[in-house]
Amino acid sequence: MQEVDVNNVVVLPTSVRQDTVRTRVTTMIVCADPGRAASLDSAMGAMGLDTTVLAAGSQVREYADRHSPPDTCFIVTPLPDGPVLPLIRMLRSRGWHKVIVLSGHADARAVHAALLADVRAVIVQPDGQQSAQPTARPKGSAHLSERELEVLRMVADGQTNRIVGEKLGLSALTVKSHLARIARKLGSGDRAQMVATAIRNGYIR
């Protein structure tokens with residue numbers, strides 16, 4: 001057994017050791033609308049996430065050249081400096097595994113194209129329908145039923161309430177009821193925030 005010279009052993013304070021082990025979940029918000037960006041940033045901060053906010057695709061490309069990928073990247077369409085799909089493909093090629101697109105328009109072709117570009121999810125939320133409810137810190141012990149998980153995963157895949165209902169054999173009112181229960185459990189009624197919380201808590205991978 002190799003002997004250790006105890007005179008050369010440095011013992012770090014407890015607080016330092018904990019800080020080196022502790023990791024925080026990082027997110028990026030790419031949004032040209034300052035108000036929407038501020039709202040999402042505030043919501044992510046309330047969930048304890050470290051968030052970087054950018055306003056254009058060119059800024060994202062510059063960031064990708066200099067930094068490692070965040071855990072999750074939210075891109076709110078449209079962006080002011082070009083189409084989103086080439087940006088998504090570039091990010092995916094560099095190891096950005098969780099890219100989520102937030103769109104204000106339920107364009108089936110655009111959603112399909114984004115999914116073909118290997119985006120993690122497409123969330124369709126028409127402008128003006130963002131939840132006005134205050135965001136609470138989610139509880140890690142929140143339990144979602146199998147049906148609620150099915151609904152949440154389909155929402156993350158960009159499905160509207162009507163399509164979710166058709167695929168699961170549910171009425172639109174029942175889908176809304178499921179989403180309301182999910183919102184209460186996760187602490188947010190905003191679709192983007194619900195998906196972000198679900199990813200953070202491991203409900204969606």
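Of note:
- If a spin label sat at a point 7 angstrom from the Cα of Leu85 along the line to its beta carbon, the backbone N atoms of the stretch 42-64 nearer than 19 Å would be those of 57-58.
- Contour excess over end-to-end distance, with Cα ends at Ala180 and Ser42 and 0.36 nm allotted per residue: 47.6 nm
- If R0 is 35 Å, the Cβ-Cβ spacing of Arg61 and Ile163 corresponds to a FRET efficiency of close to 0.55.
- Normalised contact order of the stretch 23-200, rounded percent, pairs of Cα under 8 Å and 6 or more residues apart: 18
Values quoted throughout were computed directly from the atomic coordinates according to the rules given, and no laboratory measurement underlies them. What you are looking at is a predicted structure, and each value in this text was computed from that prediction instead of being measured. In this analysis, Cβ positions are derived from the backbone assuming ideal geometry, glycine residues included, and neighbour counts consider all displayed protein chains.
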